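Comments concern the structure below.
The values are calculated or read from the model by the stated rules, or taken from the named source; none is laboratory data. Quick caveat, the model's predicted, so the values are computed rather than measured. When we count neighbours, we look across all protein chains shown, and the Cβ atoms used for this are built from the backbone with ideal geometry, even at glycine.
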Amino acid sequence: MGHAVLKEDLAPPPGRFRTEMPVGDILRRARLHYDRSIADIEKAIRIRASQIEAIEQGRLDELPGRVYAIGFVRSYAEYLGLDADRMVRLFKEQSAGVVKEKPELHFPVAASESKLPAIWIILFSLVAAFAVIVVWSYMHVEDRSMVTEVPPVPPALQAELEAEIIKEAEARIPYGPPAPTPAQMASAVEAPKAEPGIILNITANSWVEISDDTGKKIVSKVLKAGDQYFVPDSPNLKMSLGNAGGVAVTLDGEPLPSLGSSGQIRRNIPLGRAALQNLQTGLE
């Protein structure tokens with residue numbers, strides 16, 4: 001396993017962030033630190049293995065283009081829990097003049113497609129459209145008739161309308177018991193119930209992997225600060241973390257002790273209810 005890339009290795013000196021280590025080497029060391037193969041990375045972030053190898057080995061001229069290469073570096077860094085913005089900025093500086101945009105192809109337009117219609121065709125179309133509008137307007141004007149007087153409402157219909165108005169007015173008169181007082185309303189409000197189950201509250205970016213007793217992975221990715229993950233209720237689940245200090249666990253709404261410090265790697269943490277209730281900080 002290669003040398004681990006820690007946050008201290010990537011901390012920027014005073015002023016602008018700069019390092020002589022290639023971005024590909026940083027990503028490769030972080031991958032080896034988390035014991036991930038290139039096949040694992042290809043499956044997780046949907047980037048071909050050949051392109052991941054090109055980034056790690058500095059063969060930047062084999063990448064499809066600068067825009068795509070920057071996107072690949074950002075996805076790779078985010079998956080490993082690194083500072084993606086710094087990795088992208090460093091990659092731009094190191095790849096200047098190496099990764100170039102692919103040339104755009106411009107095809108000539110056929111002469112027949114670029115010419116405007118003949119002037120007599122345009123004039124004929126305008127005259128025809130004007131004639132259609134004149135004929136349509138003339139036909140509709142003849143069908144119109146001016147209403148000079150509104151006929152009175154029949155007495156029977158007038159009586160029915162007045163009865164309906166009276167019924168609507170009576171329906172708006174308030175009846176029934178008086179409105180509840182503020183004290184009654186306050187006593188009727190129930191206290192909020194705690195959220196049941198096991199919940200992971202992500203306070204800082206961290207790689208999270210949860211698997212069952214057969215080794216099948218239920219989740220294996222980087223969760224970001226502010227995310228929540230509801231763990232299935234199963235006594236045989238285990239969890240590994242790339243940043244134990246960035247993951248807080250609640251059991252039926254009650255917070256559990258811290259799983260570790262910031263940047264600490266924890267593996268095979270039991271996620272059963274009984275195990276979490278007896279959880280002690282620092283146990284592997």
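Anything in segment 20-47 that is among the charged types (D, E, K, R) and either more than 24 Å from G242 (Cα to Cα) or in a helix (DSSP H, G or I) (or both)? List them, or say none.
Once the filter is applied, which keeps residues that are among the charged types (D, E, K, R) and either more than 24 Å from G242 (Cα to Cα) or in a helix (DSSP H, G or I) (or both), segment 20-47 yields E20, D25, R28, R29, R31, D40, E42, K43.
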Give me the residue from segment 64-90 that is of a type in the set (D, E) and touching a residue at least 12 places away in the same chain (Cβ under 8 Å) and, out of that set, farthest from G242 (Cα to Cα).
D83
For segment 224-232, state whether one or more residues are under 14 Å from L271 (Cβ atoms), at pLDDT 90 or above, hydrophobic (A, V, I, L, M, F, W, C) and touching a strand residue (DSSP E or B) at 6+ places or on another chain (Cβ under 6 Å).
no
For segment 199-208, state whether one or more residues are surrounded by 10 or more Cβ atoms within 10 Å (Cβ to Cβ), touching a Lys or Arg at 6+ places or on another chain (Cβ under 6 Å) and modelled with pLDDT of 80 or more.
yes
Keeping to segment 236-248, report how many residues are closer than 17 Å to V222 by Cα and out of contact with any strand residue (DSSP E or B) (no Cβ under 6 Å at 6 or more places or on another chain).
1
Answer yes or no: is there a residue in segment 249-256 that is more than 22 Å from the chain's Cα centre (by Cα) and over 17 Å from A275 (Cα atoms).
no
Do we find a residue being loosely packed, with under 13 Cβ neighbours inside 10 Å and either among the β-branched types (V, I, T) or modelled with pLDDT of 90 or more (or both) anywhere in segment 75-95?
yes
